[in-house]
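J.: Shown below is the structure under consideration.
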Ligand code: AMP
């Protein structure tokens with residue numbers, strides 16, 4: 001299915017809110033391309049360079065990566081999607097006011113801003129912690145599983161690419177709590193600016209068809 005007339009989406013929500021799972025579904029059904037800063041950083045972290053070791057250490061501690069690294073990733077990916085007229089979903093960006101301003105610089109007119117919709121996944125924090133501490137993910141293709149609610153068909157193996165699944169270093173209960181604190185302090189405050197500047201829908205525990213009704217059939 002073509003996505004040309006669909007709005008680009010920005011999923012805004014805490015770690016563990018369900019952004020990645022929603023991206024998988026929208027990608028499959030509507031041919032969106034997901035731009036996930038977390039997945040891109042994990043891929044970079046697995047290479048063996050000075051930068052990758054630095055990124056790996058910051059991620060393992062649960063802190064945010066410096067903006068300049070994030071800007072380089074986002075700029076390249078948004079420009080590529082724009083060039084190929086590929087509708088995209090931003091997952092994990094923006095996470096602070098400076099990143100939000102950077103994103104806004106791509107959409108200077110009201111007409112451009114109306115082509116992007118923010119989706120706020122307003123998931124309960126306890127639920128998010130629970131989801132993170134039972135999450136498994138594929139280090140290769142990034143597919144997400146949950147050991148209780150959506151386990152792989154074969155124990156610990158990715159259904160898509162057969163790789164051995166892993167628990168992300170950031171998904172321990174302690175790290176999940178720290179990341180939620182960072183979200184509340186650094187990321188959540190930008191919601192008030194988003195409300196002013198962009199179309200925004202807010203959902204508690206979304207299912208794909210609610211999203212579809214709100215975004216595609218309005
Ligand atoms: P995620 O996969 O979205 O849960 O992100 C995993 C980790 O990647 C985060 O804990 C941060 O260390 C890093 N990260 C992802 N997105 C960003 C961002 N926009 N700014 C800074 N760090 C990020």
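J.: Between segment 138-187 and segment 18-77, what is the separation of their alpha carbon centroids in Å?
T.: 14 Å
J.: What FRET efficiency comes out for the pair residue 202/residue 83, r = Cβ-Cβ distance, R0 = 30 Å, nearest 0.05?
T.: 0.45
J.: Let me know the Rg and Dmax you get for segment 20-127 when you use only its Cα atoms, in Å.
T.: 14.9, 43
J.: Where does the Debye-calculated log10 I(q)/I(0) of segment 81-142 sit at q = 0.30 Å⁻¹, using only Cα point scatterers of equal weight, no solvent?
T.: For segment 81-142 at q = 0.30 Å⁻¹, log10 I(q)/I(0) is -1.33.
J.: Determine the relative contact order of the chain: mean sequence separation of Cα pairs under 8 Å and six or more apart, normalised by residue count, in whole percent.
T.: So the answer I get is 30 percent.
J.: Using the basic label-point model (7 angstrom from Cα toward the beta carbon), what is the residue 57 to residue 160 distance in nanometres?
T.: The two pseudo-label positions are separated by 3.1 nm.
J.: With the cut-off at 1.5 for a/c, could you classify segment 111-161 from its C-alpha gyration tensor as rounded, prolate or oblate?
T.: Oblate shape, in that a/c is at least 1.5 and b/c is the bigger or equal ratio.
J.: Tell me what the chain gives for mean residue ellipticity at 222 nm when only DSSP H runs of n ≥ 4 count, each as -39,500 (n - 2.57), the sum divided by the residue total, rounded to 500 deg cm²/dmol. Intermediate results must be reported in sequence, preceding the final value.
T.: On the way: 10 runs with 96 residues, N = 218.
Computed mean residue ellipticity for the chain: -12500 deg cm²/dmol.
J.: When N is the residue count of the chain, what does its C-alpha Rg come to as a fraction of 2.2 N^0.38 Å? Intermediate results must be reported in sequence, preceding the final value.
T.: On the way: Rg = 16.8 Å, N = 218, 2.2 N^0.38 = 17.0 Å.
Here the Cα radius of gyration is 0.99 times the empirical estimate.
J.: Moving on to the next point. Give the peptides 172-185, 150-163 in descending order of average Cβ contacts within 10 Å, highest first.
T.: 172-185, 150-163
Every read-out reported here was derived from the displayed coordinates using simple, explicitly stated rules and does not represent laboratory data. Quick caveat, the model's predicted, so the values are computed rather than measured. Note: ideal-geometry Cβ built from the backbone for every residue, glycine included; neighbour counts use all protein chains shown.
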